[in-house]
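In what follows, a single structure is set out as structure tokens and then discussed.
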Amino acid sequence: MPTNKPKVFIDGEAGTTGLGIRAHLDALDAVALKSLPSAQRKDPAARRGMMAEVDLVILCLPDDAAREAVALIDNGRTRVIDASTAHRVADGWTYGFPELEPGQSMAIAEAARVSNPGCYPTGFLALVRPLVRAGLVPADWPITVNAISGYSGGGKSMIAEFEGAGPNAAARAYALGGAHKHVPEMQKQARLEHPPIFAPSVANTYRGMIVEVPLPLHMFVRRPSLAACETVLREAYKDSPIVRVSAGDVALVTIEDDAGTDRLTLRVCGNAETGQARLIATLDNLGKGAAGAAVQSLNIMAGFDPVAGLVL
């Protein structure tokens, strides 16, 4: 990118994630944000022209619309961050989770196409990938992940539903048939042999998220201890100002623990005597789970401080 302020266009800036990204970038004041008049935001010609003018486009669109938007970028200069699910397992796209693998941040810095991680996968992968990489968790284990998110993760329609005049549940489980668009991403990026059993739910609170992975450590060949798992996670994220590993000997973990921030907190809880672990991640579904992650990738791609504009 040029050394002067990079020009950035958020395609879909009126959505929940788009608004969050814009608020971060307004506070950062290190980029020149470009917008289209509301009447032109669905005009392909206007969008094509804007995308050719800027250095980086952030897509905050439904999956099909995101694919169509990428097709509008017909120059070899404009870089893209896609916040949708459309390209998270696609060839030619770099996964926008800088902490996930050694060298991932450098890959993002050099990439022309970056796919923002999903909110649930962010917590899941942060917990599981280092343990699989270290050989403590077998790649062929049938992993289960339970998660609960604030309703803002469902976008404008779900927000309107939960904040409407009618009664609403305190929490509700969904995707009960086992098919969820985040599962392929979880399996691929964790490098698992089988798709995890994903059990998501949504709570009657605006933002925040708990992602939990229960593990029978006593059944694994290496029989890792809780302490060994925590040590691997601490080593994996020792240089990260965003991902922190906190003590697992706590009385409770709440969905609000990291709400309103761009950080991610990991804990290894459980029973050392029985060898049963509960790996728990807390994050904000709109922060490190969406807008904050996109801004972090933008910072890396632009050569800024990776945490510039983030709330930690």
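Per-residue Karplus couplings for the stretch 264-271, computed as 6.51 cos²θ - 1.76 cosθ + 1.60 with θ equal to phi - 60°, are listed in order as 9, 10, 10, 9, 10, 9, x, 10 Hz, Gly and Pro entered as x.
Distances between placed amide hydrogens fall under 5 Å for I10 paired with K34, I58, all partners being 5 or more residues away or on another chain.
Which of the residue pairs K5/K156; K7/K42; K42/K156; K42/K181 have a Cα-Cα distance greater than 27 Å in the structure shown?
The pairs that break the limit, which is 27 Å between Cα atoms, are K5/K156.
The percentage of C-alpha pairs in the stretch 251-312 whose separation is greater than 14 Å is 61%.
Give me the percent of the accessible area of the stretch 35-181 that comes from carbon and sulfur atoms, probe 1.4 Å, all protein chains in place.
Its accessible area is 55 percent carbon and sulfur atoms.
Per residue, the average separation of C-alpha pairs within less than 8 Å and at least 6 apart gives the stretch 89-213 a relative contact order of 33 percent.
Inter-part distance, the stretch 287-312 to the stretch 13-80, computed on C-alpha centroids, equals 17 Å.
Placing +1 on the Cβ of every Lys and Arg and -1 on the Cβ of every Asp and Glu, with no other charges, gives the stretch 21-175 a dipole of roughly 140 debye about its Cα centre. Beta bridges from DSSP with both residues in the chain: antiparallel share about 45 percent, rounded to the nearest 5.
Once you treat every alpha carbon in the stretch 49-168 as an equal point and sum by Debye, what is log10 I(q)/I(0) at q = 0.09, 0.17 Å⁻¹? Log10 I(q)/I(0), no solvent term: -0.35, -0.99. Within straight-line reach of K238, meaning a Cα separation under 30 Å, sit the following lysines at least 8 residues removed in sequence or on another chain: K188, K288. Hull volume per residue, based on the alpha-carbon atoms of the stretch 204-312 and their convex hull, is 112 Å³.
A convex hull fitted around the alpha carbon atoms of the stretch 38-114 yields 95 Å³ per residue. Averaging the sequence gap over all C-alpha pairs within less than 8 Å and six or more residues apart, then dividing by the number of residues, gives the stretch 204-303 a relative contact order of 35 percent.
Before anything else, pin down the relative contact order of the chain: Cα pairs under 8 Å, at least 6 apart, normalised by residue count, whole percent. Please list the in-between numbers first.
Working: 649 pairs, mean separation 60.1, N = 312.
Normalised by residue count, the contact order of the chain is 19 percent.
The label point for K5 and the one for D74, both projected 7 Å from the Cα toward the Cβ, are 3.0 nm apart. Just so you know, the averaged projected area of the alpha carbon convex hull for the stretch 150-228 sits at 7.3 nm². Using all pairs of distinct alpha-carbon atoms, the Kirkwood hydrodynamic radius of the chain works out to 20.0 angstrom.
For the stretch 196-243, how big is the tail of P(r) above 17 Å, as a whole percent of Cα pairs?
Percentage above 17 Å: 59.
The values are calculated or read from the model by the stated rules, or taken from the named source; none is laboratory data. Being a predicted model, the structure only gives us computed values, none of them experimental. Note: ideal-geometry Cβ built from the backbone for every residue, glycine included; neighbour counts use all protein chains shown. Heads up: the accessible areas ignore ligands, DNA and RNA and are worked out on the full protein's heavy atoms, side chains in. Shrake-Rupley method; radii C 1.70, N 1.55, O 1.52, S 1.80 Å.
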